[in-house]
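Read-outs throughout are calculated quantities, based only on the coordinates presented, and are distinct from any laboratory measurement. Just so it is clear, the model here is predicted, and its values are computed rather than measured. Positions of Cβ are backbone-derived with ideal geometry, glycine not excepted, and every protein chain shown enters the neighbour counts.
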């Protein structure tokens with residue numbers, strides 16, 4: 001897969017083959033991709049907690065808000081939950097502002113996961129206090145994102161936002177996840193040159 | 001190149017073959033990679049201004065702060081300046097918070113550029129008022145990042161941060177750009193499972 005195919009096939013995934021293990025060495029490889037990615041002023045303030053442990057995974061799972069637009073779906077059932085997590089922290093003692101470093105890092109890691117036949121999802125809707133207690137996260141670290149990772153069992157397709165402008169993803173009766181994306185014309189507001 | 005090689009070879013670049021043109025269709029392909037990337041709650045609030053025009057490029061160039069750690073270097077000389085720019089905007093009427101969407105988008109676009117033999121650099125140090133006037137950017141848009149893009153003429157190498165903890169990049173007498181990165185051990189603060 002070239003990078004274009006990889007990015008397009010890298011869809012947020014929320015149902016997994018939970019019994020398919022993702023081990024810590026795989027998670028470390030993904031963090032190494034983040035490590036080698038750009039960071040504002042090269043400060044590198046991001047830190048990581050890795051979990052491939054079923055008990056810890058269950059705790060992290062309970063801290064996450066799943067798929068806000070799927071009102072009738074509380075999140076994946078047992079057996080379809082993520083096999084691993086990467087918690088992205090920001091170290092206040094390293095930088096005052098994380099800018100968009102966690103977006104850069106998360107994209108690198110999920111592209112790396114996708115290239116290995118895995119899939120994932122970024123969570124910003126986190127019960128941070130609960131997660132802080134669960135993983136005993138010191139106050140110097142801000143909780144920025146959680147990545148859920150596993151072998152995907154759901155299929156997602158990109159579509160074009162229609163005239164209604166509705167960007168809410170939805171799931172059809174076959175379980176296919178539909179993601180409306182704005183057109184390139186809507187996104188590009190000005191062009192200079194040719 | 002696999003994704004790991006691509007990410008590791010995708011170093012921030014600040015000197016280019018300015019006469020090597022990057023056309024608007026190439027920039028549009030890069031924005032399409034951002035378009036197909038993840039966005040918080042799928043709101044897709046990012047918008048883009050593209051420039052492959054020498055006069056506009058000169059104006060954008062004058063709005064950027066180059067390489068804060070290279071105190072004796074005011075930025076690339078004429079002939080080594082970027083051939084193109086992508087300005088990343090946030091549309092306040094689409095979302096109240098852009099989270100780290102611009103990091104995700106910027107990483108997708110620079111990986112796409114790298115795969116085409118180009119290179120780039122993300123700028124957060126922007127004279128936003130000047131750029132807003134130059135490109136007549138309406139108030140509804142926040143200026144989030146500028147990506148400079150072109151054919152690279154500099155070589156960058158990753159190194160390990162030494163005991164001093166100094167993360168400042170530096171340039172040697174051969175013009176090679178050295179980027180100290182923290183070790184994986186420093187970044188991973190806790191591991192659960194194996």
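Data for the structure
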read-out: Largest-first principal axis extents of the Cα set of the stretch A:37-76 (Å); value: 43, 27, 14
read-out: Span per principal axis, largest first, for the Cα atoms of the stretch A:81-194 (Å); value: 47, 44, 29
read-out: Shielding score for B:95-102, defined as the mean number of other chain Cβ atoms within 10 Å; value: 4
read-out: Taking the stretch A:110-191 and dividing mean pair separation by its residue count, relative contact order in percent (alpha carbons under 8 Å, at least six apart); value: 24 percent
read-out: At q = 0.23 Å⁻¹, base-10 log of I(q)/I(0) for the stretch B:99-153 (Debye sum, equal scatterers on each alpha carbon); value: -0.94
read-out: Peptide A:42-55, shielding by other chains (average Cβ, 10 Å cutoff); value: 5
read-out: Relative packing of peptides B:31-38, B:178-185 - highest average C-beta neighbours within 10 Å first; value: B:31-38, B:178-185
read-out: Considering only the protein assembly as shown, percent of DSSP beta bridges that pair antiparallel, nearest 5; value: 70 percent
read-out: Along each principal axis, Cα extent of the protein assembly as shown, largest first, Å; value: 60, 57, 36
read-out: Projected-area mean, the stretch B:1-146, by convex hull of Cα positions, square nanometres; value: 9.0 nm²
read-out: The stretch A:62-165: relative contact order in percent, alpha carbon pairs under 8 Å with at least 6 residues between; value: 41 percent
read-out: Sorted peptide list for A:16-28, A:112-124, criterion being average Cβ within 10 angstrom, highest first; value: A:112-124, A:16-28
read-out: Overall dimensions of the stretch B:1-81 as given by Cα atoms, namely Rg and Dmax in Å; value: 15.6, 43
read-out: Cβ neighbours within 10 Å from other chains - mean over B:28-34; value: 4
read-out: Relative contact order for the stretch B:1-131, counting Cα pairs under 8 Å that sit 6 or more residues apart, in percent; value: 43 percent
read-out: Ratio of Rg to Rh over the stretch B:68-120 (Cα coordinates, Kirkwood Rh, two decimals); value: 1.08
read-out: Structure-based [θ]222 nm, chain A - -39500 (n - 2.57) summed over DSSP H runs of at least 4, per residue, nearest 500; value: -7500 deg cm²/dmol
read-out: Peptides A:87-93, B:155-161, A:47-53, B:138-144 ordered by average Cβ neighbours within 10 Å, highest first; value: A:47-53, A:87-93, B:138-144, B:155-161
